[in-house]
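Each remark here refers to the structure printed beneath this line.
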Amino acid sequence: AAQPGGAPGAAQDEGGVQNGDAMLSSDIAVLRREMTSLLQRLADCLPSNRERCVFLINNFDTCLTLFGNRGLGLGNAEVAAFEGQLKAQRDRFVEEELMEDFGRLIAFVQQSERAAGEGAAAAAAAAPHLEES
């Protein structure tokens, strides 16, 4: 006869642990989304885009520092999510800073790139017609 806590019970415990891990991962993902949402709402209270970016950069960086102090590594999905948010805010901050002094130049380059892309698309569309001639 099988004893309580024997092999059949161990298999159930292992399945319960796996299910518990999935629940924990899900709960952590919800916590991250709520934390990100809270930080965004707090940032929205600040008067300028620059201040909002700085606020978010500082807070995402603080979260990543805490994760690092707790031993969560690069393989962790939540760490990767915060790293992605941090990178996006840094990119946004750089764009904001460059637009102040180089806005006209950036607009010119973007317009030129669009025109070059449209010209390349038109040339590619015309190329089959040229081969037929």
(request) Return the carbon/sulfur percentage of the accessible area of the range 30-121, one whole number, probe 1.4 Å, all protein chains in place. (result) 57 percent
(request) Extending each Cα 7 Å along its Cβ direction at LEU105 and ASP61, get the distance between those two points in nm, one decimal. (result) 2.5 nm
(message) For ASP101, what accessible surface area do you get with a 1.4 Å probe? Give it in Å², rounded to 10.
(response) 120 Å²
(message) Given all pairs of different Cα atoms, what value in angstroms does the Kirkwood hydrodynamic radius of the range 30-121 take?
(response) 15.3 Å
(message) Which order do you get for ILE106, ILE28 if you rank them by accessible area with a 1.4 Å probe, largest at the top?
(response) ILE28, ILE106
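The values are calculated or read from the model by the stated rules, or taken from the named source; none is laboratory data. Since the model is a prediction, treat every value here as computed from it, not as a measurement. As a convention, Cβ positions derive from the backbone with ideal geometry for all residues, glycine included, and neighbour counts pool all protein chains shown. The protein model used for the area step is the full one, side chains on, heavy atoms only, and it has no ligands, DNA or RNA in it. Shrake-Rupley method; radii C 1.70, N 1.55, O 1.52, S 1.80 Å.
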